[in-house]
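This report refers to the structure that appears directly beneath it.
The values are calculated or read from the model by the stated rules, or taken from the named source; none is laboratory data. Here the structure is a predicted model, which is why all the values come from computation and not from measurement. For neighbour counting, all protein chains shown are included, and Cβ atoms are generated from backbone atoms with ideal geometry for every residue, glycine included.
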């Protein structure tokens, strides 16, 4: 094989890679970019190769120091979970960056970007699902060990309220009200201890979403503008109608509360078919496809960045009076349906995205036979 043919083959291989690959000189000048890098940086190779990497990533990024270190040490290095923001793309992406020197080109470094967005979201969701299930034992203990004495405390406070006067009566009423609040919290936690299989049937997800929108627009989200972008060709989801309503009503209620101080509050509901997303789940040796995507988006102030990674964990909340169980329950129900949920948030846009499996033909046939 001639040197020219071998060079063309190497270039073709690099161009076919799905990961962004660029070659930089030690001063940061870009000398090569593959097709994936063009899409990643939202610029053509001709534009990229006329500029430096510092023109496309944030000032002070560890990637710039990585190039200098690799070029001087002549040894490959890796930076994990680097924020890669560009002037053309406002939203930051998280990526692992692999850097390696090129012996045939002294002073030049190859950079390969492995975006971690989807992997991190799914990992985080699976961790959150486990955290939600870890509340099961605590919920059972609370139900059996706390609710009984609470009923006695409530009964005693009622007797005191009947015989007390003035400030004492108000204090007895306070004891009763706070006892009721604790019982309500325990009742909500008991849901996490319910390990019964979900009875699921094929359901048109748009029927669920329209039902939720009708309930919300006349209740918790009254006065907020709704918009929809539905994929009308979506196949049915295999789910429990009431639980699916609970999921989306909870998400829209949270969005509405976040929009209280927004001048033009809007909630968008989007659906799409996303083939290619497959994950491994416990109890199933095969990877499960999750092609149904449902997004609840609002234009509120966003979720604080320090809370975002733990948003679906129990007792994590951004509300002053919140219990922190609402999203944990949503994560549990989504997990019981074989799906995952994640959240992207920045000021002016928060997106909760749920991925669910489709109903199989056998499920649809069984449902039709029962009808």
Scanning the range 157-170 residue by residue, those assigned to a helix (DSSP H, G or I) and out of contact with any helix residue (DSSP H, G or I) (no Cβ under 8 Å at 6 or more places or on another chain) turn out to be 159, 162, 163, 167, 170
Filter the range 33-47 for residues that are under 16 Å from residue 97 (Cβ atoms) and free of Cβ contacts under 8 Å to residues at least 40 places away in the same chain; the one that is surrounded by the fewest Cβ atoms within 10 Å (Cβ to Cβ) is 36
In the range 199-225, anything buried (at least 19 other Cβ atoms within 10 Å of the Cβ) and assigned to a strand (DSSP E or B) is listed as 202
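Tell me the residue from 4, 17, 48 that is farther than 15 Å from residue 105 by Cβ and modelled with pLDDT of 85 or more, please. Write out each step before concluding.
Details: 4 fails: modelled with pLDDT of 85 or more; 17 fails: modelled with pLDDT of 85 or more.
After ruling out the rest, the residue left standing is 48.
Go through the range 79-108 and report how many residues are outside any loop (DSSP other than H, G, I, E, B) and modelled with pLDDT of 85 or more. Explain how you work it out, then say what you get.
Let us first name the residues in the range 79-108 that are outside any loop (DSSP other than H, G, I, E, B), namely 79-84, 93-101, 108.
Subset that is modelled with pLDDT of 85 or more: 97-101, 108.
Residues meeting the conditions: 6.
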